[in-house]
1. Could you tell me which residue of the stretch 72-114 is nearest to TYR24 (Cα to Cα), considering only residues that are surrounded by fewer than 21 Cβ atoms within 10 Å (Cβ to Cβ) and in contact with a Gly (Cβ under 6 Å, 6 or more places away or on another chain)?
2. Can you tell me how many residues in the stretch 163-189 are charged (D, E, K, R) and either at pLDDT below 95 or over 20 Å from SER100 (Cα atoms) (or both)?
3. Is there a residue in the stretch 304-324 that is within 15 Å of ligand 1 (Cβ to nearest atom), β-branched (Val, Ile, Thr) and closer than 29 Å to SER414 by Cβ?
4. Here are some residues: SER146, SER182. Which one is more than 20 Å from the chain's Cα centre (by Cα) and in contact (Cβ under 8 Å) with a residue 12 or more places away in the chain?
5. Return the residues of the stretch 206-264 that are part of a loop (DSSP other than H, G, I, E, B) and charged (D, E, K, R); say none if nothing qualifies.
6. ALA245 - would you say it is among the hydrophobic types (A, V, I, L, M, F, W, C), touching a strand residue (DSSP E or B) at 6+ places or on another chain (Cβ under 8 Å) and within 16 Å of ligand 2 (Cβ to nearest atom)?
7. Please give the helices (runs of 4 or more DSSP H) falling wholly within the stretch 31-146 in which 3 or more residues are out of contact with any Ser or Thr (no Cβ under 6 Å at 6 or more places or on another chain), charged (D, E, K, R) and closer than 30 Å to VAL412 by Cα.
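The values are calculated or read from the model by the stated rules, or taken from the named source; none is laboratory data. All figures in this text were calculated on a predicted structure; none of them were measured in a lab. As a convention, Cβ positions derive from the backbone with ideal geometry for all residues, glycine included, and neighbour counts pool all protein chains shown. Surface accessibility is based on the protein's heavy atoms, side chains included, excluding ligands, DNA and RNA. Shrake-Rupley method; radii C 1.70, N 1.55, O 1.52, S 1.80 Å.
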Amino acid sequence: MRPEDFPKEIRPFIIPKHQGELIYRCIGCGLEYSIDELLYTCLDCGQVLLIYDLNFEHLRNTPGKIWRRIFDYRKMLTIPALKGIYLYHEFIGPVIPLESVIYLGEGHTPAVEANDFLQEKANLKFYFKNDGQNPSASFKDRGMASALSYINFLVQKGQVSDVLAICASTGDTSASAALYASFLQPHVKSAVLLPHKKVTPQQLSQPLGSGAAVFEIPGLFDDCMKVVEALSENYNVALLNSKNAWRILGQESFSYEIAQMFEYDLENKVVVVPIGNAGNITAVINGFLKFYEAGIINSLPKILGVQSEHANPVYRYYLEPDTAKRKFIPVAVKPSVAQAAMIGNPVSMPRVIHLVDLYNSLSGRQNVFFIEVAEQSIMDWELLANRNGHIACTHGGESLAGLMAAQKRGVVDSRDVAVLDSTAHTIKFAGFQEMYFGQQFPPDYNITPKRELINTPVYVHPEDLDKVPAPGRPLAGEALDRFVKRVAAEIAGMLELKKV
Ligand SMILES: *Cc1c(COP(=O)(O)O)cnc(C)c1O
Ligand SMILES: [Zn+2]
């Protein structure tokens, strides 16, 4: 629909005009910095930053009711820059002109309601929000669209040139960074650092295919992160990890979409997210806070952050009920099928601590909960979800396992409606399914495959058939007839089919 065809009261807002005044603010000491340069940590105290809009008050001049209609009407626009996360431009990047926005199809991922079987198991209504249906098949694309749109803006202004974008990754960050950087050839090149043999073959193929320089490093993600930090502190590179606050801004779109999907009524809603480096939960919390402060939503949903027993530093931190006594201790991670979340020292932990306090206090009660789940339960729930119509990755399985554990603990009840973040596409993590079905899990995963969830292919080659087709050697005539008949009979026998 053309802008001039929208209702009169919406028309002035349909194309974003808000002039944001964005700054980096240090989570530790509160110092503010201009966004003219790419900055990742406070120059004074070294703490991580978040981006704030000094003109945020301005957004409150527009009533929540109008905002809700603006976002709903904007879905009818055909302008590419407003088709993805920048549908919420005023809240995500109100300094980035639409001409600088990179849209590769990210955002507005489907929320699929679970079938009766799964909802009965959970004893509440729930949806999987399939962030695996983003262009590089994970939610990371939301943050990359934001970070690379900003870099593109700086390139277009002539403020930076020949950018080398780098990141450490458990697989999905590098896939996404390499994809978005490749779109900006030749102005932006990318290099990614991966822990050797700790990303799946599918994830490794992605940055290779996008033409990034790919480096495999001994050790785990936390080690790669240290190397990338050393590079970004000492060399002229753009860091694309979620330490980069632009990533957080883009990922807030996940919350805005959930608000919009429920027609902005978030009473009795629960949002479940797996936690690794804690950038995603930071963004999800901050997104809801911003919509709440702008009066677009009137209540804050419950948030469940889920971690595996094998990588649970955030969960452990919040085990201590006395806030004064809480102390963050990094953990040594063990092998996890939620491999993209196998992180012992999350970079965004200070952001989480800061925002969880604010979220709970604005909610007037504890409204963010942290849940721990076993590796076994992650795998079992992933497989069961997918046997019931979903495309959940292991982290989506972790979300579902977390919901089940929360139900047991009484953190959620049957009146709640939950949205589970399925953070990537199941096919990225097919290797774990293969290990499960092949009963080949190394012992340190602590996973024993359940017979009823195992599925393996059956090779059909009747013993009395001496001729079977092969590539380049097709069968014909009687031989083909016999082959088709025998194989069909064999399959019919195994499936116990009845004759018509
Ligand atoms: C990155 C990632 C996570 C963890 O998100 P954080 O922002 O690091 O907490 C979870 N699932 C998948 C599939 C990921 O790629
Ligand atoms: Zn500081």
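1. VAL95
2. So the count comes out to 1.
3. Within the stretch 304-324, one or more residues are within 15 Å of ligand 1 (Cβ to nearest atom), β-branched (Val, Ile, Thr) and closer than 29 Å to SER414 by Cβ.
4. None of the others qualify; the one that does is SER182.
5. Those that are part of a loop (DSSP other than H, G, I, E, B) and charged (D, E, K, R): LYS243, GLU252, GLU263.
6. It is true that ALA245 is among the hydrophobic types (A, V, I, L, M, F, W, C), touching a strand residue (DSSP E or B) at 6+ places or on another chain (Cβ under 8 Å) and within 16 Å of ligand 2 (Cβ to nearest atom).
7. Details: elements: 56-59, 64-74, 89-92, 116-122.
Here the list reads 64-74, 116-122.
Here is a yes/no grid of residues against (1) away from ligand 1 (no atom under 12 Å from the Cβ); (2) over 21 Å from LEU266 (Cα atoms):
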position: GLY397; (1), (2): no, yes
position: LYS408; (1), (2): yes, yes
position: ARG415; (1), (2): yes, no
position: VAL419; (1), (2): yes, no
position: MET435; (1), (2): yes, yes
position: TYR445; (1), (2): yes, yes
position: THR448; (1), (2): yes, yes
position: GLU452; (1), (2): yes, yes
